[in-house]
Amino acid sequence: MIASSSLFTLTSQITPAEPSDALLEIAGRKFRSRLMTGSGKYANFEMMRQAIAASGCEIVTVAVRRVQTNAAGHEGLGEAIDWTKYWLLPNTAGCQTAEEAVRVARLGREMAKILGQEDNNFVKLEVIPDLKYLLPDPLGTCKAAEQLVKEGFAVLPYINADPRLAKTLEEIGCVTVMPLGSPIGSGQGLNNAANIRIIIEEAKVPVVVDAGIGVPSEAAAAMELGADALLVNTAIACANNPVAMGRAMGMATEAGRAAYLSGRIPIKVYASASSPLTGLVS
């Protein structure tokens with residue numbers, strides 16, 4: 001019989017097995033965090049900084065056109081974040097054509113250099129002529145992606161959850177694909193889960209679920225599907241407490257990834273007892 005003190009010593013040395021997981025790798029660059037966040041819609045820069053830090057993210061996307069504008073609340077956005085701590089992901093938000101997106105992407109690369117990231121060729125590609133639903137243009141996205149890849153950009157295209165489109169962009173040379181869960185800022189969650197699952201199964205580049213996530217449970221669900229990463233902005237920035245929500249989204253991303261790697265139990269029609277039904281005391 002094991003003495004209680006010995007039992008305590010034995011059990012205290014046992015730690016739960018954790019699933020091994022490689023770092024997120026995009027275009028040869030590695031990241032510990034699988035959550036990307038945005039810089040828009042915050043009440044002020046200080047709230048933005050605190051929420052980003054609480055999320056644990058390492059990649060922050062910034063709309064190139066927001067940095068250029070003099071509109072109230074936008075001045076100094078480029079300098080509001082310590083870019084020695086975060087990797088800048090310039091995005092082409094506001095571009096309605098492929099030609100516009102290419103021009104803005106070039107400006108974004110120069111912006112990254114000015115902010116101290118000389119080797120940053122990343123661009124989140126958005127081509128969105130639809131101003132009502134903000135759904136990306138697949139033809140314009142492909143056209144812009146082809147040109148940007150030729151110019152040496154690491155292209156992360158924002159797309160509808162279309163498996164064929166995702167494969168086409170991968171073949172063009174994009175370093176990720178970023179299917180939307182539901183329309184930007186809608187908080188509708190994973191309306192396109194079935195298609196996203198197909199994209200994940202077929203992709204040979206990281207799949208980043210972008211747009212529509214409203215709460216941490218939806219972030220975890222996206223990661224449980226097998227997504228490599230998430231991009232969450234509105235759900236954090238517009239929460240009643242953005243800092244707490246940023247932290248929650250970071251935790252949900254980690255939990256969802258761990259659950260995916262652990263492997264869920266099969267879904268059964270009937271119940272299955274947790275305790276064995278043999279050898280019962282009568």
Query raised in the report: Hey, any hits in the stretch 97-109 for a residue that's free of Cβ contacts under 8 Å to residues at least 60 places away in the same chain and within 25 Å of M249 (Cβ to Cβ)?
Result: yes
Query raised in the report: Any chance the stretch 249-269 includes a residue that's buried (at least 20 other Cβ atoms within 10 Å of the Cβ), under 16 Å from K41 (Cα atoms) and not hydrophobic (A, V, I, L, M, F, W, C)?
Result: no
Query raised in the report: Just to be sure, is D130 under 18 Å from the mean Cα position of the chain (by Cα) and either modelled with pLDDT of 95 or more or within 19 Å of P183 (Cβ to Cβ) (or both)?
Result: no
Query raised in the report: Does the stretch 82-125 hold any residues that are in a loop (DSSP other than H, G, I, E, B), closer than 28 Å to A51 by Cβ and either aromatic (F, W, Y) or touching a helix residue (DSSP H, G or I) at 6+ places or on another chain (Cβ under 7 Å) (or both), and which are they?
Result: W83, Y86, T92, A93, G94, C95, N120, N121
Query raised in the report: Out of (1) touching a strand residue (DSSP E or B) at 6+ places or on another chain (Cβ under 6 Å); (2) within 28 Å of E79 (Cβ to Cβ); (3) among the hydrophobic types (A, V, I, L, M, F, W, C), the odd one out for I114 is which?
Result: (1)
Query raised in the report: Which condition number in (1) under 19 Å from A22 (Cα atoms); (2) surrounded by fewer than 20 Cβ atoms within 10 Å (Cβ to Cβ) is the one that S186 fails?
Result: (1)
Query raised in the report: Can you find a residue in the stretch 184-196 that is aliphatic (A, V, I, L, M), at pLDDT 95 or above and within 26 Å of A237 (Cβ to Cβ)?
Result: yes
Report summary line: Within the stretch 83-107, restricting to residues that are at pLDDT below 95 and of a type in the set (G, A, S), the one that is surrounded by the fewest Cβ atoms within 10 Å (Cβ to Cβ) is G94
Report task. Consider only pairs whose beta carbons are under 9 Å apart and that are at least six residues apart or on different chains; among these, list those whose first residue lies in the stretch 33-51 and is over 19 Å from M251 (Cα atoms) and whose second residue is among the small types (G, A, S) and in a strand (DSSP E or B). Result -> S39/A63; G40/A63
Requested in this report: Mind listing whichever residues of the stretch 246-259 are under 13 Å from G214 (Cα atoms), in contact (Cβ under 8 Å) with a residue 60 or more places away in the chain and in contact with a Pro (Cβ under 8 Å, 6 or more places away or on another chain)?
Outcome: M249
Requested in this report: From (1) modelled with pLDDT of 95 or more; (2) over 22 Å from T61 (Cβ atoms), pick out the condition that doesn't hold for G246.
Outcome: (2)
Query raised in the report: Which ones in the stretch 143-184 are touching a Lys or Arg at 6+ places or on another chain (Cβ under 8 Å) and not in a strand (DSSP E or B)?
Result: E151, F153, E170
Query raised in the report: Looking at this structure, is V175 surrounded by 18 or more Cβ atoms within 10 Å (Cβ to Cβ), free of Cβ contacts under 8 Å to residues at least 40 places away in the same chain and within 22 Å of K30 (Cβ to Cβ)?
Result: no
**Report entry** Condition met for A239 (surrounded by fewer than 24 Cβ atoms within 10 Å (Cβ to Cβ) and at pLDDT 95 or above)
**Finding:** yes
Report summary line: The helices (runs of 4 or more DSSP H) lying wholly within the stretch 187-282 that contain at least 1 residues that are touching a strand residue (DSSP E or B) at 6+ places or on another chain (Cβ under 7 Å) and basic (K, R) are none
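The values are calculated or read from the model by the stated rules, or taken from the named source; none is laboratory data. Here the structure is a predicted model, which means the values were calculated and not measured. Reconstructed Cβ throughout: ideal geometry from the backbone, glycine too, with neighbour counts over all protein chains shown.
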